[in-house]
Amino acid sequence: MDDSNIKTLHPIEKKIIKSIKNKSGSSINSLKISTDLNIDQIRRGLEWLKFKNLISSYESQHNIISLGTFGIKSINDGLPERRLLETIKDGYSTISEILKTGKVTQSEINIAVFKAKTNKWIQIKKDEKTGANVIEILKDPKFSSEEALLQKIYENNILSEHDLSSDELTTLEILKKRPQFVMLKKSEEFIRLTEEGERVQSILESEKSSLDSTDGNYDHSLTSDMLVSGKWKNIVFRPLDVESNTPLLFPGRTNPLIDLIEEIREAFVSLGFVEIEGNYIQSSFWNFDALFTPQDHAAREMQDTFYLRFEKNDGLENRRIVRNVSEAHKKGWNYEWKTSEARRAVLRTHTTPVTLQYLAKKNPVESKLFTIGRVFRNEKVSYKHLVEFHQIEGVVTGHNISLRDLMGIQLEFYKKIGITKVKFWPTFFPYTEPSLQSMIYNERLDKWIELFGMGIFRPEVIEPLGIKNPVLAWGGGIERIAMLKYNLSDVRDLYNNNLGWLRGVQKFQL
Ligand code: PHE
């Protein structure tokens, strides 16, 4: 670090460097006392200083000694035996005279006398006149070894047993017997300056005055005054590290499923499709009958479809259409079609009634439409089935369009959402002919997965509604795509509102 880089040190880092004891190192706790910073500031500052190679930390293997409550008190007020000496007037006093001064308490007096005697500071005599015990000061009461050690611990904030001489270790044993004078801890994190750190510390020490003054050219925050006056040009600012680690933030975000719906909507729109919407509640007529689904079809049973208690006459107002649909069913499926069955209201089981209705009403010559929305099926909820889920549906109508166009559009659409390996499989729907199933290949799972159903609406579907041009249609569930995209093996996870998952969810290649 050259000297100009000292300017990159944050004020907190400088404060810490200046407080680290050069030889013994400093514990985090002692830095807390000497810097007056809070523990988080110190920890963060230390991380940075480590990163800048100015400090190193090590785990001390020895007992760490620091002052306890009475130890600290003794630094300020003196040990009881020292205070005892101070209360003795004119060379000698009685115990009751000493206690009266209040400087030594009843609970301290015994130890104070005992220690003062052991230190050879005092002797106890009988007063010749009164016969009472008096305490007399002997000459020159020197600093005791206990006082010296307490002072040493105090000055270093914290010490390791390693730093003590054998005499001091003996004294430590004595001090340990006095409750709450010293504290011992096995191993503790110690911070030491590296060679470079020591150099920086000495530079900081020598620049102390200029650093501390507000006119010094470090540690400034840019103010509007500086900008207006142009003063900023002469100021050296501490550079910002834009790559530094920051705490993780979890701002509000859209649900991953909504993100996917948006992505799919975007894909449709970018291909020139127009979005349409329809109701969740449909007449059976639009959900099934107009789609040439016979009234005894398995999909229409209660186990598959949610029926509502009321009727819905949508589509049944137009006598001509009703007659046409009825005839198509009679002819195609050979049974007596009933309007009462067609009137039953259902929660839509797919989005196809939405597109079909639109085409029947508007009868466009050419159009590209899509719809995205919720559908409902009376199924047992499991890892792969939900009762409510989302479908997307696209339709294209126009002159001279064919199955080839349908497959081509599919490929374009899949490419937009990141799917490139697709194949088509024949299948069956009552309302399309031919009918196809698209399969997509997922690299991660190394598997072919069914995606959309599709086909060309049958004449039995479009003719009764007066639709002239062929209609290409496809549709299917979004949750299935979401499971691939977010690597889920259980579709219910999309709706669990598990915050951990929602915050960290990653997208995978489809
Ligand atoms: N409606 C079909 C489904 O729910 C999908 C489909 C849409 C099939 C359009 C053909 C044409 O799976």
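Here, each number is a calculation from the coordinates, and none is a lab measurement. It should be emphasised that the depicted structure is a prediction, and the values quoted were computed from it without experimental measurement. Glycine also receives a Cβ, built like all others from the backbone with ideal geometry; neighbour counts cover every protein chain displayed.
Side notes on the structure shown:
- Pair ILE33, ASN318: separation of 7 Å Cα→Cβ label points (nm): 9.1
- Calculated FRET efficiency for the pair GLU327/GLU263, C-beta based, R₀ 56 Å, to 0.05: 0.85
- Magnitude of the charge dipole, the chain, Cβ model with Lys/Arg +1 and Asp/Glu -1, debye to 20: 820
- Gain in span if fully extended, ARG492 to HIS297, counting 0.36 nm per residue against the direct Cα distance: 67.3 nm
- Whole-Å distance, taken between Cα centres, linking segment 282-322 and segment 18-84: 81
- A Förster radius of 35 Å combined with the Cβ-Cβ distance from ARG43 to ASP225 puts the calculated FRET efficiency at roughly 0.55.
- For the listed residue pairs LYS312/LYS361; LYS142/LYS176; LYS115/LYS177; LYS368/LYS468, the alpha carbons are over 19 angstrom apart in LYS142/LYS176.
- Under DSSP loop assignment and at most 14 Cβ neighbours within 10 Å, longest GluC sites (Glu not before Pro)-free interval of the chain: 1-127
- The overall shape of segment 80-143 is oblate: from the C-alpha gyration tensor, with semi-axes ordered a ≥ b ≥ c, the ratio a/c is 1.5 or greater and a/b is no larger than b/c.
- Between THR420 and GLU277, the C-beta separation translates, for a Förster distance of 35 Å, into a calculated FRET efficiency of about 0.70.
- Full extension of the segment from GLN123 to SER244, taken as 0.36 nm per residue of separation minus the current Cα-Cα distance, would add 36.9 nm.
- Counted by Cβ distance under 13 Å from SER187, the other residues give a net charge of -2, where Lys and Arg count +1 and Asp and Glu count -1.
- Long hydrophobic helices in the chain: none of the complete DSSP H runs spans 24 Å or more by Cα along its own axis with mean Kyte-Doolittle hydropathy of at least 1.6.
- Nearest-20 debye value, segment 80-143 charge dipole, Cβ charges on Lys, Arg, Asp, Glu: 160
- In order along segment 426-439, the phi-based Karplus estimate (6.51 cos²θ - 1.76 cosθ + 1.60, θ = phi - 60°) of 3J(HN,Hα) comes to x, 8, 9, 10, x, 9, 10, 7, x, 10, 10, 10, 8, 10 Hz; Gly and Pro are listed as x.
- Each other residue within a Cβ distance under 12 Å of LYS21 adds +1 if Lys or Arg and -1 if Asp or Glu, for a net charge of 0.
- Extension gain from PHE306 to ILE449, taking 0.36 nm per residue of separation minus the Cα-Cα distance: 48.7 nm
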